[in-house]
Every structure is written in C-alpha cells, then in structure tokens.
Amino acid sequence: MAAPDAPRPLKILVLADRDWTHHDTGGNGANIEAQVMRWVEWGNHVTVVTGSYPGAKKVEQIGPRLTVHRAGNRATVFPRALLTVMRGVGKDADVVVEVINGITFLTPLWLRKPRVAMVHHVHRELFIGEFGLAGHAIYWLAERLPLQFLYRRTPFMTISNSARDDLVRDGIPRDHITVEYLGVDHEKYGRTTRSVEPRLIFVGRLKAYKNVEALFDVLEAIPELQLDVVGEGDHRPDLESEIVRRGLSDRVVMHGYVDESRKAELYGRAWINMTASQSEGWSLTVIEAALCGTPSIALAVGGLPESIVDGETGLLARDTAGLIAHTRRVLDDAQLRERMGDAAERRAAGFTWDRSAREYLQVMRRQVGLAPALQDQIFQGAVPADQTSLSRTESL
C-alpha cells in the first residue's frame, strides 16, 4: 500500500510574553520550546514574537524555519508585539498561537487570522498570592473579562483537566478546550546516586505563590532533613532572609539556576521532590523527578492531583501539616519510598513531547480548515535530518 501523502506544512505565528531562553520562565517556556522545535522538525515554519530581556538578541534565526523576534518587557511586550506584527512580521502565517500567561494579547481585536490559545493555568490564585487584594482586580481585568468576552470562539489548548475546568469557569466553552499533558525530556533524566542523608528538593521559579516557606516548616518539624532549592526569581531575597531567621542556613542549599545534568543529579539524590505551590497547571518537575525514581509530595492544588497519583507515585496533602506528616511517613518507610519511586518512573515513561506536539498541531490544522494528519504523515512531512538543524545561526 502506498504511503499517504505528507500534509501541507503550516506557517505558524506564536505570540508569547516570554520564550524558552528568558531567565524568568519555567514549565511554560519548556512547553513552548518543546512544541515549537517539533513543529519545525516536522516541516512547519514558525515565527515567534515574544518579550526581550537584558542581553537578548532582537532577532534570532534558529535553523531555516524558525525565527524569534524579541521586544518589550513583561509590561510592554503586548503593545510591542502588536506593532511588530503590524509591521509585517508573520504576515504569511496560516494560524496564530497565542500563549496566554495571565495577560492576553487581545488578538481578537486586531488580528484577523485563524487562532488558537495556549494556557498553562488560570492566574487567579497567582495574582492574589503576588498582589493581595489588588490581585483580584488584576485577575478580572487582565484575564477573566478578556477570556469571557473576546475569546469564547477561540479553540484553547491546555495541560490539565484542572486548567480546563478553570477556563470553563472563566467563560470558555468546554468543547473548545483540548487537554494534553506535558511531555518530558527522557534523555536528560534518569536515576543517579541517592543521598545517604534524607533530602528534599524543590525545583521552580522563586515566586511568592510557590510557597517555599512551607518547605521550611517541614524542615523545622523534621530536624534530620535537608533541602535543595533549584531556581531563581524575585522572591529569593525573602527566602534567604527567612532561612537565616529560622536558623536553617546549614540545612538549605540555594543552587540558583543549574544545567540539566546537574538538575537530574539533584533530583536523583533527593529522597522526595516537594512543592507547596498554591497554583500549578500541571508541574513538569514532578515528572522530571519521577524519571529519576524520586516520588513527590505536594499540596493538592491545580493540576498536581493529575501529575501525582496519590498513594502510588507520591502523596498529596491539604495543608502544611499534611506535608509534614507525609514527609515523615515516606522518610520512615524505605519500602514505600522505593515503591512510589518505581511507580513514578514507570508512569513518567508515558509522557512524551512528541505526543503533545502532535495533538497541538492537529488543533491548529483543524482551525485552518485542513484535515487532521495521521501520525505517520506528520513525521513524513519532516525534512531530512541533515536539513533540519536547529542550532542557533547568525542573528540579525
């Protein structure tokens, strides 16, 4: 039987407040990078318009089919993106992917192209955690009202059933939302040498809503425990002051940013991966830790009850007291710890970036009016490997 014809490649314009090279990105940036790189490898052309940062290149050509344009900071990226597109960048795009990270680009008001929206999680709790009472107003003005009144006809792509439910609450029809869990870089993570002494690890941006202070409560309750904190963010000075105030300087290591190999080493060394975050769309770090055979303990918020199978790949708590109790239980029961680590590793094997990138690409094809491509067709559409280099080339 003859192989099916390769599908027509798409020209995709991505609008995002931050790309994967930004110093203040997390799972959001990892997802954008993984999606974009695969779309390009499969023969599609992608133009990214995004925010800039000190030292960033204004225009960066990454291989023959990927161009990144950067302008504006966290506040000004939205009007700067509009001006960039109005000047003709991405004018030949078949479809626009708008990454909504708490603030929309308001594309229904100014961009007359087929569009889809990518949302990792609704930011209500994050805004309230960061800005207190003012966060309620920010949430309504920046996210809730635009979604409810401007984006009801837009197809949405999100990363957990919890995020989908929040979007429905914000006015997006349920049947307009595609849920696809994040993948993970399997080649980057695996088991390493476990620490002799009990260690926790937290990996993520250091923001107030991540609630890292609750992990300090766990340390105070369990004196033999140590903690590795991996990541950076504007909440770091407050955390460092809190560490000194509580007398935990000899039990907490603030690693800052680390490369992937070092992160994998730290995951594998830890006995437990922990997050007390008050808002998570999914938690990629749970799956990264799982590939290293490390179970997770977390508050049962957002998508965490989906990334952690409670009692099987980790444990979920309702509050800080629950985090302490679960941690003590796992530390005291080596068989439980190993059993959950093994189960987490097996489950993590099923999460791939190829799967999520294919599904998102299908959503875009439907929005453009093209028939969904078969899995084999997507890969047949890719250019031979020697023509798909994604290494950074000369920037303009």
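Values for this structure:
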{"read-out": "Heavy-atom accessible area per residue - the chain, 1.4 Å, Å²", "value": "42 Å²"}
{"read-out": "Charge dipole magnitude, Cβ of K and R +1, D and E -1 - the range 44-170, Cα centre, debye nearest 20", "value": "480 debye"}
{"read-out": "Rounded Å value of the spacing that divides the Cα centres of the range 310-350 and the range 51-121", "value": "40 Å"}
{"read-out": "Helical mean residue ellipticity (222 nm; -39500 (n - 2.57) per DSSP H run of 4+; nearest 500) of the chain", "value": "-11000 deg cm²/dmol"}
{"read-out": "Filter on Lys57/Lys91; Lys58/Lys188; Lys58/Lys113; Lys58/Lys91; Lys207/Lys263 - keep pairs with C-alpha separation over 27 Å", "value": "Lys58/Lys188"}
{"read-out": "Rule-of-thumb Rg ratio for the range 78-222 [Cα; 2.2 N^0.38 Å; N residues]", "value": "1.33"}
{"read-out": "Packing rank of 300-313, 9-22, 218-231, where each peptide gets the mean count of other beta carbons within 10 Å, highest leading", "value": "9-22, 300-313, 218-231"}
{"read-out": "Label point distance in nm, Arg366-Leu248, each placed 7 Å from Cα along Cα→Cβ", "value": "4.5 nm"}
{"read-out": "With every protein chain in place, the chain: carbon and sulfur % of accessible area (1.4 Å)", "value": "52 percent"}
{"read-out": "Pairwise label distance in nanometres, Glu359 with Ser241, each label 7 Å out on the Cα-Cβ vector", "value": "4.2 nm"}
{"read-out": "Per-residue ³J(HN,Hα) for the range 77-84, Karplus 6.51 cos²θ - 1.76 cosθ + 1.60, θ = phi - 60°, Hz, x for Gly and Pro", "value": "4, 5, x, 5, 5, 4, 5, 4"}
{"read-out": "Förster-model FRET efficiency, 30 Å R0, Val258 and Arg329, C-beta, rounded to 0.05", "value": "0.55"}
{"read-out": "³J(HN,Hα) computed for each position of the range 97-105 - Karplus, 6.51 cos²θ - 1.76 cosθ + 1.60, integer Hz, glycine/proline x", "value": "9, 9, 8, 9, 10, x, 9, 8, 8"}
{"read-out": "Candidates Val99, Val258, Val363, ranked by Gaussian network fluctuation over the chain, Cα under 10 Å, top entry", "value": "Val258"}
{"read-out": "Sequence of Arg174, Arg269, Arg346 from largest to smallest accessible area, 1.4 Å probe", "value": "Arg346, Arg174, Arg269"}
{"read-out": "Reduced Cα scattering model of the range 183-235, Debye log10 I(q)/I(0), q = 0.14, 0.18, 0.23, 0.25 Å⁻¹", "value": "-0.50, -0.77, -0.99, -1.04"}
{"read-out": "Sequence ranges 158-164, 130-136, 237-243, ranked by mean other-Cβ count within 10 angstrom, highest first", "value": "158-164, 237-243, 130-136"}
{"read-out": "Helix axis angle, 334-348 relative to the chain longest principal axis, alpha carbon, degrees", "value": "0 degrees"}
{"read-out": "Order of exposure, largest accessible area first, which applies to Met37, Met86, Met364 with probe 1.4 Å", "value": "Met86, Met37, Met364"}
{"read-out": "Calculated on alpha-carbon atoms, Rg and Dmax of the range 215-342 in Å", "value": "14.0, 39"}
{"read-out": "Percent antiparallel among DSSP beta bridges (both partners in the chain, rounded to 5)", "value": "10 percent"}
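The values are calculated or read from the model by the stated rules, or taken from the named source; none is laboratory data. Keep in mind that this is a model prediction, so the values were computed, not measured. No Cβ is skipped: glycine too gets one built from the backbone with ideal geometry, and neighbour counts run over all protein chains shown. Quick note on the areas: whole protein, heavy atoms, side chains included, nothing else; ligands and nucleic acids left out. Shrake-Rupley method; radii C 1.70, N 1.55, O 1.52, S 1.80 Å.
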